[in-house]
1. At 1.4 Å probe radius, can you tell me the per residue accessible area of the chain in Å²?
2. Grab the beta carbon distance between residue 41 and residue 1, set R0 = 22 Å, and tell me the FRET efficiency rounded to 0.05.
3. Report the label-to-label distance for residue 48 and residue 80 in nanometres (one decimal), using points 7 Å from each Cα along the Cα→Cβ vector.
4. So how many Å³ per residue does the convex hull of the Cα atoms of the chain work out to?
5. Quick check: net charge around residue 61, other residues with Cβ under 14 Å of its Cβ, Lys/Arg +1 and Asp/Glu -1?
6. Could you work out which residue, out of 74, 31, 63, moves most in a Gaussian network model of the chain, that is, has the largest mean-square fluctuation with Cα springs under 10 Å?
7. Could you check how much of the accessible area of the chain is carbon and sulfur, as a whole percent, using a 1.4 Å probe?
8. Which residue fluctuates most in the GNM of the chain (Cα springs below 10 Å): 52, 78, 32?
Amino acid sequence: MQLNVPPDLETLINRRLSSGGYTSVEDVLRRALEAQDAEESWTDEDRRALSAHLEEGYLQAERGELIDGAQARREIQAMKENWRQGRLPQQ
């Protein structure tokens with residue numbers, strides 16, 4: 001298949017390629033299309049849940065209920081460990 005792209009789109013593709021995160025034009029297009037598919041698979045309920053979660057985070061920040069980066073990393077690490085423990089085979 002041949003694809004004719006306008007200059008502005010070609011510039012975007014080339015910018016992505018030069019970032020080093022992509023190996024080819026096909027890689028850029030594949031990832032973009034896969035991301036679009038993933039976004040389209042979200043239900044309205046998924047979008048509402050995400051929006052509510054973001055709103056709650058914003059309100060917490062307004063109230064000054066923030067944690068520093070080190071604390072965030074510790075909490076994320078603990079969540080990962082709990083997740084891993086839950087995936088271990090039961091003996």
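The values are calculated or read from the model by the stated rules, or taken from the named source; none is laboratory data. Note that the structure is predicted; figures quoted are calculated from it, not measured. Because the Cβ atoms are built from the backbone with ideal geometry, glycine has one as well, and the counts that use them run over all protein chains shown. All accessible areas refer to the heavy atoms of the entire protein, side chains included, with ligands and DNA or RNA removed. Shrake-Rupley method; radii C 1.70, N 1.55, O 1.52, S 1.80 Å.
1. Heavy-atom accessible area per residue stands at 92 Å².
2. Efficiency computed from Cβ-Cβ geometry: 0.35.
3. Between residue 48 and residue 80, the label points sit 3.4 nm apart.
4. Output value, Cα hull per residue: 248 Å³.
5. -4
6. Of the options given, 74 has the highest mean-square fluctuation.
7. On the chain, the fraction of accessible area on carbon and sulfur atoms equals 53 percent.
8. Ranking 52, 78, 32 by mean-square fluctuation puts 78 first.
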